[in-house]
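Note sheet for the following structure.
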Amino acid sequence: MASSNAVFLIILVLAAAVFSFSAQRLVRFLRLGQGTHRFDALPRRIVNLLTIGFGQTKILRDPVAGTLHALVFWGFVVLQLGAIEILVAGVVPAFSYADLLPVPVYRLFLLTQDVTSLAVLVAVSVLLYRRLVVKPRRLQGDQVHGGDAILILSLIAALMVTLLLTSGAERVTAARAPAIVQPFAAALAIVLSRMPDSLLSALHGVSWWSHALLILVFLNYLPYSKHLHVIVSLPNTFLSNTSGPGTIGTMKAMDLDAETEQFGASDVTHLSWKNLLDGYACTECGRCTAACPANMTGKPLSPRKIVINTRQRLSEVAPSLVGADDPMSALPMHTGPRDDTDSGARDRRLLDHYITEDELWACTSCRACVYECPVSIDQLEIINELRRNLVLTESRFPEEIQPAFESMERNGTPWAFPASDRAKWAEGLDIPTLAELLERNERADVLYWVGCMGSFDERAQKTTVAFARIMKHAGVRFAILGQEEACHGDPARRMGNEYLYQILAKQAIETLDRYRVTTIVTACPHCFHQIGNEFPQLGGHYEVIHHSTYIEQLLADGRIALADPVAQRLTVAYHDSCYLGRYNAIYDAPREVLRRSLPVVALVEPPRTRDRGLCCGAGGGRMFMEERIGERINVERKKELLATGADAIAVACPFCMTMLADAGKKLDSSVTVLDVAEVVAQHLAEGVTAVPRDVA
Ligand code: SF4
Ligand code: SF4
């Protein structure tokens with residue numbers, strides 16, 4: 001073995017040892033988190049890995065920056081093969097894939113390496129230009145490690161330059177394939193061939209060694225850089241429960257029977273290892289924060305900061321907890337909001353020292369952050385766990401939500417209405433309760449779950465009645481629970497009161513099971529999501545259909561006879577509810593209902609629509625809290641909707657209805673807000689008999 005090969009072998013072994021130490025250290029830190037099972041639903045996980053991970057589908061939602069990042073990622077994957085050949089050849093100079101692979105396969109390998117290295121070089125050059133000159137807003141602030149990003153991009157650029165130079169110099173002395181297989185190396189070889197042999201040989205030596213050493217430096221810097229995501233993003237996507245179809249948006253249930261005094265999380269050791277892995281996976285791209293309604297209206301919340309702070313806190317406290325001798329913890333990416341007056345890492349915690357109450361209570365649980373994250377991070381889960389700790393462990397929450405908690409406990413609704421008023425909206429409408437049907441030995445096709453807003457709120461009651469009229473018109477045999485219906489607890493759960501939630505949810509399940517309910521329709525996306533997606537955690541399994549989907553089906557089945565369309569052409573802007581859209585991927589049904597029920601309607605879309613729709617500001621319990629900081633989210637959304645020039649705004653959620661109607665008063669706007677059911681009910685052809693058929 002030549003001395004240079006022996007030296008390289010020593011460097012390689014040392015680099016591998018340091019990387020192994022760093023990797024084990026990170027794994028030990030992750031193990032400080034709580035257990036969570038992430039190996040179920042394998043087919044979905046594999047699909048997520050292939051589409052979101054390798055396919056980069058989420059990152060490509062931003063066409064320009066997304067394409068550049070996807071190019072770098074795909075290049076990274078492709079160039080791994082070449083890197084292995086280079087590292088092995090550093091020890092065994094005769095090693096070459098040329099001796100192992102059939103000629104066509106080897107030529108394909110050379111072609112991919114050549115084209116990819118130039119493509120990556122171009123992409124990182126543009127990304128560097130963006131960071132240094134354009135400076136997009138979403139890449140600033142929130143303790144973003146901009147210097148780290150520039151260092152890594154420069155390292156990648158240097159890797160590509162040295163790779164191209166090495167290939168070009170090698171082609172001058174020994175071309176292993178026709179020029180067409182290595183077009184860029186061949187072009188470079190034409191230039192380099194004019195050099196004297198000694199200079200060319202020196203250039204080859206320098207570029208080869210620089211490239212090989214840069215690979216090893218890059219590998220060992222990653223564990224201490226925000227670019228650790230280069231390694232972690234694929235496993236993180238595979239282990240995520242929040243991406244792709246399936247149980248999207250479902251909130252984790254808490255075991256309240258466990259013998260613990262700690263509910264939720266106040267520090268990183270209370271979070272799951274997956275929450276901690278999210279910190280390693282974060283690219284600091286800011287897509288989440290740019291989509292966050294709280295952040296864009298001036299609240300202190302930034303979902304990116306939540307994730308970065310989680311990583312910083314872990315890096316700060318983990319070395320002392322695992323007993324590691326950890327000199328690396330002083331590196332810049334690990335520094336959080338340290339306080340010199342504090343005695344040490346163990347005196348601080350994630351809550352208060354890194355993440356404040358104001359940040360946590362600003363969240364509307366709209367899920368835009370989770371949806372936008374290109375590496376499938378669940379920022380919302382961390383927020384929810386910290387809220388649970390605030391409410392259940394420390395009794396710290398905004399005082400205005402106390403009445404909502406008390407009312408849910410006493411009256412079975414977040415508002416101070418007596419349960420006896422729950423079915424007042426139905427008086428005189430001849431709508432039976434399940435109890436009455438049972439007495440008459442009759443049955444209903446579906447249970448109409450009205451929800452608290454639909455039962456008590458004067459404006460929402462109009463939607464409730466409209467949907468009941470539609471079902472009657474279509475001959476649907478439905479019933480309500482009447483006074484036996486009570487809040488399912490979703491607002492309590494979103495506000496961190498898991499204890500109250502589970503009491504209410506179990507009571508609701510007990511009521512539903514007593515009547516052997518199988519199919520439920522509801523006009524409230526929060527009821528729809530909670531009963532359909534989260535009740536199964538507590539043993540309640542029902543088919544739940546949102547009224548927009550149900551009405552669409554009735555229309556498609558010809559069970560709704562509509563009067564002649566109005567002569568005037570009406571433009572309607574539809575506002576997507578977060579719990580219908582991002583939580584449950586229902587975007588088309590409400591639009592289809594509008595199109596079918598008003599044939600002359602023109603549907604217009606605001607700029608932020610469908611899965612990019614802007615929240616109305618009511619979710620996550622924000623409905624019960626004052627919005628004291630920044631602009632009002634509902635007003636911002638209403639402005640966007642009004643800017644479409646629509647004659648009316650359509651919604652499919654009573655919470656959105658209230659928020660947008662309130663915003664209309666603040667903006668002095670006379671544009672009506674209507675529920676999709678009201679649009680249909682207004683155009684029912686009275687007296688025309690519908691075809692009775694069981695669609696439930
Ligand atoms: S769920 Fe919505 S409001 Fe909450 S942090 Fe994410 S984007 Fe912001
Ligand atoms: S959490 Fe996701 S979207 Fe937000 S900055 Fe990190 S990688 Fe980007």
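The values are calculated or read from the model by the stated rules, or taken from the named source; none is laboratory data. No experiment lies behind these values; they were computed from the predicted model shown. Positions of Cβ are generated from backbone atoms using ideal geometry, with glycine treated the same way; all protein chains shown enter the neighbour counts. The area values use the complete protein model at the heavy-atom level, side chains included, leaving out ligands, DNA and RNA. Shrake-Rupley method; radii C 1.70, N 1.55, O 1.52, S 1.80 Å.
The table that follows gives values for the structure above.
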read-out	value
Amide proton proximity set for T433, modelled H, under 5 Å, gap of 5+	I480
HN-Hα J in Hz across the range 347-364 - Karplus 6.51, -1.76, 1.60, θ = phi - 60°, x for Gly and Pro	7, 9, 8, 5, 6, 6, 7, 10, 10, 9, 4, 4, 4, 5, 7, 7, 6, 9
Packing-based order for 408-414, 179-185, 98-104, using average beta carbon neighbours within 10 Å, highest first	408-414, 179-185, 98-104
Residue-wise HN-Hα coupling along the range 480-492, computed from phi with Karplus coefficients 6.51, -1.76, 1.60 (Hz; x: Gly, Pro)	10, 8, x, 5, 7, 6, 8, 3, 7, x, 4, x, 4
Charged-residue dipole, Cβ positions (Lys, Arg, Asp, Glu), the range 485-565 about Cα centre, Debye nearest 20	220
Partnerless cysteines, meaning none of the other Cys C-beta atoms lie under 4.7 Å away, in the chain	C282, C285, C292, C363, C373, C452, C487
Relative packing of 110-121, 198-209, which averages over residues the other C-beta atoms within 10 Å, highest first	110-121, 198-209
Within the chain: Cβ-based charge dipole about Cα centre, in debye rounded to nearest 20 (Lys, Arg +1; Asp, Glu -1)	1900
Residue-averaged [θ]222 nm for the chain, counting only DSSP H segments that reach four residues, each worth -39500 (n - 2.57)	-15500 deg cm²/dmol
For the range 167-181, Karplus couplings with θ = phi - 60° (6.51, -1.76, 1.60), whole Hz, Gly/Pro x	5, x, 5, 5, 5, 5, 7, 8, 6, 8, 7, x, 4, 5, 7
Rounded to the nearest 20 debye, dipole of the range 410-556 from Cβ charges on Lys, Arg, Asp, Glu	120
Relative contact order of the range 473-613, defined on C-alpha pairs under 8 angstrom at six or more residues apart (%)	20
For the chain, accessible area per residue (1.4 Å probe, heavy atoms of protein chains only), Å²	41
Share of Cα-Cα pairs in the chain lying beyond 48 Å, as whole percent	28
For L562, residues with placed amide H under 5 Å, excluding near neighbours	A685
Selection from V676, L392, L26 lying farthest towards where the dipole of the chain points positive, charges on Cβ	L26
Values of log10 I(q)/I(0), in the order q = 0.15 Å⁻¹, for the range 410-556 under a Debye, Cα-only, solvent-free model	-0.72
Placed amide H near I355: partners under 5 Å, 5+ positions off or other chain	none
Length-normalised contact order for the range 571-682 - Cα pairs under 8 Å, 6+ apart - percent	34
Cβ-defined net charge surrounding A426, 12 Å radius [Lys, Arg +1; Asp, Glu -1]	-1
Selection from V544, L447, M471, by position along the positive dipole direction of the range 410-556 (Cβ)	M471
Taking the chain and dividing mean pair separation by its residue count, relative contact order in percent (alpha carbons under 8 Å, at least six apart)	12
Burial ranking of peptide ranges 262-269, 449-456, 660-667 (average Cβ count within 10 Å, highest at the top)	449-456, 262-269, 660-667
22 Å Cα-Cα threshold exceeded, pairs from K274/K506; K135/K638; K639/K665	K274/K506; K135/K638
FRET efficiency for L14 and T36, using Cβ-Cβ distance with R0 set to 35 Å, rounded to 0.05	0.45
Protein accessible area in the chain, 1.4 Å probe - carbon and sulfur %	59
